[in-house]
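Read through the structure below, which is laid out as structure tokens, and then see the notes.
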Amino acid sequence: MKTGKKIGIALSLILGATAALSLAACKSNDGEYTVTFDTRGGSEIAALHLDEGEIVSRPSKNPEKEFFTFDNWYADEKCTELFEFGSAMPAYDITVYAGWIAQESVKVTFDANGGTFDGGDGAVYKVGPIGQTMPLPEVDPVRTGYAFGGWYIDSDCTEGYDFTVFPAKNTTLYAGWDKDPAYAYIEYYGNGKLLATEPVKKGETVEEPELFGSSITQTAWYTGTDRTDVYAFGESVVVDQKLYCSYYTMGLEISDGVVTAYRGSAADVVVPDMYNGDTVVEIGEYAFYSSSETSSIVTVDIPKTVERIARGAFYECTYLVDVNLSDSVTEIGEYAFYRNTRLKTVGDITSVEEIEAYAFLGCANLRSVTLSDDLTSIGEFAFADCALLSEITVPDRVGVIVDDTFNGCSSLKKVVLKAAVLDTVGRYAFRDCASLETVVIESVNLPQFAGSATESPFAEFDCTIYVGSAELLEQYKSVYGYLDGETFEDKLAVIENR
């Protein structure tokens, strides 16, 4: 009986507590409960606020999500059970979840980045719908002398990936690698660039590698950059070692550090950084001129030691596509790349102080160039007929734009002339630049426009010419209004109004 009384009291307490909670819930919500629509990354859908027993209606519109098609509303976050609309609102808040169907599948490539997977593959793939869970490879890649260090979004392994689902586009992830202390690492440098790294188990011997094709001549391997001490292969190694050599394409003629000619047949040409003890500093006059049976060269690999590209160095090399000039180059001579009609890239010319006349004339496939802040002059016709060049910024130290500099750059849309004191814009400097839309002249003075009305640099174009101030704008109108009849002044505006 005593026990029964205790049970009765306990039951009474439980029921009382339940009633209190129920009253508290009603009080806190005023009898109103919330239906939250979790769109799981989609556009927002407004919540419903309903009294107990009211009908839960389907939203009038579906959410939207890039790369996905809306599927349906679900009662659970894993989207396994459809939510039943038209049912009565319970006496508590509820959440309804959006289900999505990926519009397309994507491929994630796992690049072993110098290693291999089982079976010797250098890469494996995973394909799945955008936004769904992305599995990793079943096994990690392996690489002699290294321990696997995870996956990265760049081949240099500087940034790890942070997603767990298939991304919105095809993506490559790269294996990262950590050195194994049981190995020594032999780094091979050619022409100043790292060519290969070979891990060798400590105590084992190093054999000379075969890194070059049959058209390449190379020096011995040396232990220092001065290349005086030859490395002895066949001996055991216990510490890391850097080795250096020069290599070049057969048929090159080099004298006193200057490339003077190329009489080989290879389409891809490599210039050495050193030859017979001299540092190679110049591509000489007409060294690759097409008349010396080199019209078929396609690429030229130039070392960072080269400082000057002389007159006509690549004159009429009409098959040349790629040259990798470095920031060591300070001068590009007359006709240096004259009528290289297929040339697309020249490399880094941001240290060039002088670009002489006709240097890039007729480079019809050259799409972009970035000129050096140290540039002092650009010769006449230097970039004439560069038909795909779309934008050019002429740096501050170039105070004269000479005649015909950009004549025939038919895709040129924007020109920025940064000289604080611009002396002259020459005759026909921008002739036949039919696409020109914007000209920015940052000069604080009024430059001289050479030529008559039909010869003025911007008269023929439907472009806007931005000048440094309202005062200058009035001077332009006053002095050059005659250049293009009544319409010239309508092209003028102040830079701050861009």
As a test of the formula, what do you get for the chain when each DSSP H run with n ≥ 4 contributes -39,500 (n - 2.57) and the sum is divided by the residue count, at 222 nm and rounded to the nearest 500 deg cm²/dmol? -2500 deg cm²/dmol
Using a Förster distance of 35 Å, the FRET efficiency for Glu210-Val142 (Cβ separation, nearest 0.05): 0.90
Roughly speaking, what is the stretch gain from Thr225 to Val298, that is 0.36 nm per residue apart minus the C-alpha to C-alpha distance, in nm to one decimal? 23.3 nm
Whole angstrom only: what separates the Cα centroid of region 249-317 from the Cα centroid of region 382-432? 30 Å
Sorted by accessible area (1.4 Å probe), largest first, how do Thr197, Thr144 line up? Thr144, Thr197
How many nm separate the modelled label positions at Thr36 and Asp374, each set 7 Å beyond the Cα in the direction of the Cβ? 6.1 nm
Taking only Cα atoms, what is the 0 to 90° angle, nearest 10, from helix 470-480's long axis to the longest principal axis of the chain? 40 degrees
List every residue whose amide H lies under 5 Å from the amide H of Trp221, counting only residues 5 or more places away in sequence or on a different chain, with H placed 1.01 Å from N in the peptide plane. Tyr231
State the label only: which of [x] 25.8; [y] 23.2; [z] 42.8 corresponds to mean projected area of the Cα convex hull in nm² computed from the shown model? [z]
Between Thr217 and Thr197, the FRET efficiency computed from the C-beta separation at R0 = 22 Å comes out, to the nearest 0.05, as 0.40
Lys/Arg +1, Asp/Glu -1 at C-beta; the chain dipole; positive extreme among Asn72, Leu82, Ser351: Leu82
In whole Hz, what ³J(HN,Hα) sequence does region 423-434 give by Karplus (6.51, -1.76, 1.60; θ = phi - 60°), x for Gly and Pro? 7, 8, 10, x, 4, 6, 4, 10, 5, 6, 8, 5
Sequence order, region 57-65: Karplus ³J(HN,Hα) from phi using 6.51 cos²θ - 1.76 cosθ + 1.60, θ = phi - 60°, Hz rounded, Gly and Pro as x, gives 9, 5, x, 6, 9, 8, x, 10, 8
Given the pairs Lys78/Lys126; Lys78/Lys107; Lys413/Lys477; Lys107/Lys344; Lys65/Lys126; Lys126/Lys169, which span a C-alpha to C-alpha distance of over 19 angstrom in this model? Lys78/Lys126; Lys78/Lys107; Lys413/Lys477; Lys107/Lys344; Lys65/Lys126
Taking the Cα-to-Cβ direction at Ala168 and at Glu496 and moving 7 Å from each Cα, how far apart do the two end points lie in nm? 3.9 nm
Dipole of region 276-432 [Lys/Arg +1, Asp/Glu -1 at C-beta], most positive-end residue of Leu389, Thr330, Ala419: Leu389
Compute the Cα gyration tensor for region 127-230, then decide on rounded, prolate or oblate, letting a ≥ b ≥ c be the square roots of its eigenvalues: rounded whenever a/c is under 1.5, prolate when a/b is larger than b/c in the other cases, and oblate in all that remain. prolate
If the chain between Tyr92 and Gln132 were fully extended at 0.36 nm per residue, the gain over the current Cα-Cα distance would be 11.3 nm
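The values are calculated or read from the model by the stated rules, or taken from the named source; none is laboratory data. Model, not experiment: these values are computed from the prediction. Cβ: placed from backbone, ideal geometry, glycine included. Neighbour counts: every protein chain shown. SASA here: full protein model, heavy atoms, side chains in, ligands and nucleic acids out. Shrake-Rupley method; radii C 1.70, N 1.55, O 1.52, S 1.80 Å.
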